[in-house]
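Asker: The structure that follows is given in the form of structure tokens.
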Amino acid sequence: MSDKLTRIAIINSDKCKPKKCRQECKKSCPVVRSGKLCIEVDSTSKIAFISERLCIGCGICPKKCPFGAIHIINLPTNLETQVTHRYSANSFKLHRLPMPRPGQVLGLVGTNGIGKSTALKILSGKLKPNLGRYDNPPDWEEILKYFRGSDLQNYFTKVLEDNLKAVVKPQYVDQIPRAVKGPIQQVQQLIEARAAMGNEDEIMEVLELRQVAQRDIGHLSGGELQRFAIGLVCVQKADVYMFDEPSSYLDVKQRLAAARTIRSLLRPDDYVIVVEHDLSVLDYLSDFICVLYGRPAVYGVVTLPSSVREGINIFLDGHIPTENLRFREESLTFRLAEAGEEFIADKDRAFAYPSMEKTLGDFHLKVDAGKFTDSEIVVMMGENGTGKTTFCKMLAGALKPDGLISVPKMNISMKPQKITPKFTGTVRQLFFKRIKTAFLSPQFQTDVYKPLKMDDFIDQEVQNLSGGELQRVAIVLALGMPADIYLIDEPSAYLDSEQRIVAARVIKRFIMHTKKTAFIVEHDFIMATYLADRVIVFDGQPSVNARAQTPESLVGGCNRFLKSLDVTFRRDPTSYRPRINKYNSQMDQEQKLAGNFVSFLPHLWITSWKKRTEKGVHNEHRRRRHRRDGRDFDPRRNRRHGDWKIMWLMGIPGVCRASAVRGKGFRHRAGPSSGADDGLSDDDGDDDDDDDLNGNSDPD
């Protein structure tokens, strides 16, 4: 492949302000100085223009721009011929398109602003792809010719002939009440008006919409609006079903119910496309994955379809093996106690809170007494409406418990569940007003501010920030307050998959460095298990009667919570992320029988009864041979045992490197033999067996 690069110039229309600068980009450009119009801008312009043909990629204008509005990116030349859409000059560019398949669920994973919503608009027929020619858009004949030979040619042919009806579940469900106009406003009436599949009763039952059937949609909460939006799409007759972030606002139980409902739509000739940031839900939902990588608001590239496990691991690893391309500097993994290994938790000081009760209208919450220590993160798990936020407010002193019980006074910093910006000014001004000391601290800048990439919008108005940007601002504000306890309510809301992992690392590292305590409410199971040192389980009847258990270990708490949901999780052996087991699958049944609803070891360590039995038989053969050789058999010290472990963990006997050793490793010998002869010597090329015991090797 040619190593030539193509250059794209991106100007952020929100940041570029020619009337407030001296046009430093134009004055410093060497091409402009030579007499060519590479950059065109003056004090009356709304936005600057950069010619990508004349630009030499010197990188001076991005550094000179006082507002950081310019990005000059070098891309491989082959991507220049794969442009699907571009909105205007010096604006976002989308390369390639996801390829949906009939009868299967296509999952899209990528950061915010990378082109997922643009791809959905194109596939739904709402946006015509211009192949990068925004000034001279092609006609449909040319578009079909461009996609010929691929699944997209047939797909767009159906779109052109109006043979495809697409329905979309929007990303921002809180805007639905404003969009619904007319006399019909009740949930049940709206669903019955759109119903064409005869499944409305089942959908309302599974998504728990019976309780809100007679309510107006303007009076629904975020989770109720989300379930209503999913149900409204699922009852319609269509050829393409698209769901943009269907799990936001939902708890774990509701996310699984929504996932099963979406999968029930599969028919041989229909397409289902899902954009989701909760990787465990996306894994459970999808049949295959397309990863979108690039630079947010600059360009996005869609990868070729891959299997679910491979696609999500490509996104987490930041490396595409088929293209030999790395799009992220570091990999994202979910090893337990990854940050905790670097710091020793200070357990000297212990805090305690008493048994409490609180009644709010028809809802009653009972809290069991508990203790917590410094440098500890306690995650609260439970369904929506079981009192997690109420418990946080009681600890913070915002709500008083019933009776004469008093909560010990402690300095508490709280990030609320719902963020409503009231501050008028920029993010920088807000930080200087609220957390000036922490904001100017180099340690805080390193641990919190820079990893969350606050510099991208530090000088923007708070009122104009997106949901994800507001969430990051709220996390920085909460951690910047001096406190003994940090209460953080749903830190993953509005964040994409990558930002969630970064936010979890930031919170964990901050708590370890400052030796404080954090109570966190989180519904993203991957993020919850990564953060948690201990768990408080909330059970009971939502919105009626609930109980908060005393804090318990991560394994015990997760098992208690998942047992109530009748769901099991395993861990991926490569990225260590939790994966949901298919209901009633072999793995699901084995873990339920063992009472192990969540496995914190890679799932390949959990072998079936048959495999364990066969492995025991082979180990017995080895014991006999070692007894004849006059040696002690200790599988933990035996180097070859590592290879057998890999073979049986793979679950495919004889299909790995250990299979080549099987014959000579188990040959019966008449007398003592050297290690080199029986495949047990140290120089057999298996120097990485010790890594296998830690689950760090890749069993290729």
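Asker: With a ≥ b ≥ c taken as the square roots of the eigenvalues of the C-alpha gyration tensor of the stretch 94-326, please select rounded if a/c is under 1.5 and otherwise prolate if a/b is larger than b/c or oblate if it is not? Before the final figure, lay out each step's value.
Answerer: Working: a/c = 1.87, a/b = 1.46, b/c = 1.27.
Prolate, since a/c reaches 1.5 and a/b exceeds b/c.
Asker: Shifting gears a bit: Each residue of the stretch 287-297 in order: what ³J(HN,Hα) in whole Hz does its phi give by Karplus 6.51 cos²θ - 1.76 cosθ + 1.60, θ = phi - 60°, with x for Gly and Pro?
Answerer: Working through the residues one at a time gives 9, 7, 10, 10, 8, 10, 10, x, 10, x, 6 Hz.
Asker: Right, here's the next one. Give me the net charge for the shell around ILE184: Cβ to Cβ below 14 angstrom, other residues only, Lys and Arg +1, Asp and Glu -1.
Answerer: On the way: positive: LYS181, ARG194, ARG215; negative: GLU192, ASP216.
Surrounding charge for ILE184 is +1.
Asker: For VAL521, list long-range residues whose amide hydrogen, built 1.01 Å from N in the peptide plane, is under 5 Å from its own amide hydrogen.
Answerer: MET380, ILE488, ASP489, GLU490
Asker: Multiply the residue gap between ASP362 and LYS36 by 0.36 nm, knock off their C-alpha separation, and tell me the result in nm, one decimal place. Numbers along the way, then the final one.
Answerer: Working: separation 326, 0.36 × 326 = 117.36 nm, distance 7.31 nm.
Extending this stretch completely gives an extra 110.1 nm.
Asker: Take LYS46 and LYS17, extend 7 Å from each Cα along the Cα→Cβ direction, and tell me the distance between the two endpoints in nm.
Answerer: Between LYS46 and LYS17, the label points sit 1.8 nm apart.
Asker: Starting from the Cα of LEU404, step 7 Å along the direction of its Cβ; do the same at LYS145; then give the gap between the two resulting points in nm.
Answerer: If labels sit at LEU404 and LYS145, their model points lie 8.9 nm apart.
Asker: Counting only residues 5 or more places away or on other chains, whose amide H sits under 5 Å from the amide H of GLU357 once H atoms are built in the peptide plane?
Answerer: Those lying under 5 Å, H to H, from GLU357 are VAL367, ASP402.
Asker: OK, next. Fully extended, how many nm does the chain gain between GLN236 and THR446 (0.36 nm per residue separation, minus their Cα-Cα distance)? Mind showing how you got there, number by number?
Answerer: Numbers: separation 210, 0.36 × 210 = 75.60 nm, distance 4.97 nm.
Full extension from GLN236 to THR446 adds 70.6 nm.
Asker: Using 19 Å as the Cα-Cα cut-off, could you pick out the over-long pairs in LYS371/LYS409; LYS15/LYS64; LYS393/LYS563; LYS116/LYS158? Each step should come with its number before you reach the end.
Answerer: Details: LYS371/LYS409 15 Å; LYS15/LYS64 14 Å; LYS393/LYS563 28 Å; LYS116/LYS158 21 Å.
The answer is LYS393/LYS563; LYS116/LYS158.
Asker: Strictly over 24 Å apart at the Cα level, which of LYS181/LYS415; LYS400/LYS422; LYS46/LYS93 would you flag in this model?
Answerer: On the way: LYS181/LYS415 34 Å; LYS400/LYS422 26 Å; LYS46/LYS93 21 Å.
LYS181/LYS415; LYS400/LYS422, as the Cα separations exceed 24 Å there.
Asker: I need to check one value: relative contact order of the stretch 350-553, counting alpha carbon pairs closer than 8 Å and at least 6 residues apart, in percent. Walk me through the numbers before you get to the answer.
Answerer: Details: 376 pairs, mean separation 72.6, N = 204.
Relative contact order of the stretch 350-553: 36 percent.
Asker: Once you have the Cα-Cα distance between GLU461 and LEU160, take 0.36 nm times their residue separation minus that, and quote the gain in nm to one decimal. Present the calculation step by step, with values, prior to reporting the outcome.
Answerer: Working: separation 301, 0.36 × 301 = 108.36 nm, distance 4.20 nm.
Taking GLU461 through LEU160 to full extension adds about 104.2 nm, to one decimal.
Asker: Another one. Can you pull the one-decimal nm distance between simple spin-label points at ASN584 and SER543, each 7 Å off the Cα toward Cβ?
Answerer: The two pseudo-label positions are separated by 3.1 nm.
Asker: HN-Hα J couplings of the stretch 370-376 from phi, Karplus 6.51/-1.76/1.60, θ = phi - 60°, integer Hz, Gly and Pro as x?
Answerer: Karplus-based 3J(HN,Hα) across the stretch 370-376 equals x, 10, 8, 10, 5, 6, 10 Hz.
Asker: Starting at the first residue of the stretch 546-559, write each ³J(HN,Hα) from the Karplus equation 6.51 cos²θ - 1.76 cosθ + 1.60 with θ = phi - 60°, in whole Hz, x for Gly and Pro.
Answerer: In residue order, the calculated couplings are 9, 9, 9, 6, 5, x, 9, 5, 4, 5, x, x, 5, 4 Hz.
Asker: Is the shape of the stretch 200-261 rounded, prolate or oblate, going by the alpha carbon gyration tensor and its root eigenvalues a ≥ b ≥ c, with a/c under 1.5 for rounded and a/b larger than b/c for prolate? Kindly include the intermediate steps, with their values, before the conclusion.
Answerer: On the way: a/c = 1.44, a/b = 1.19, b/c = 1.21.
Note, shape of the stretch 200-261 comes out rounded.
Values quoted throughout were computed directly from the atomic coordinates according to the rules given, and no laboratory measurement underlies them. On a predicted model such as this, the values are computed, not experimentally measured, just so you know. Note that each Cβ is placed from the backbone with ideal geometry, even for glycine, and that neighbours are counted across all protein chains shown.
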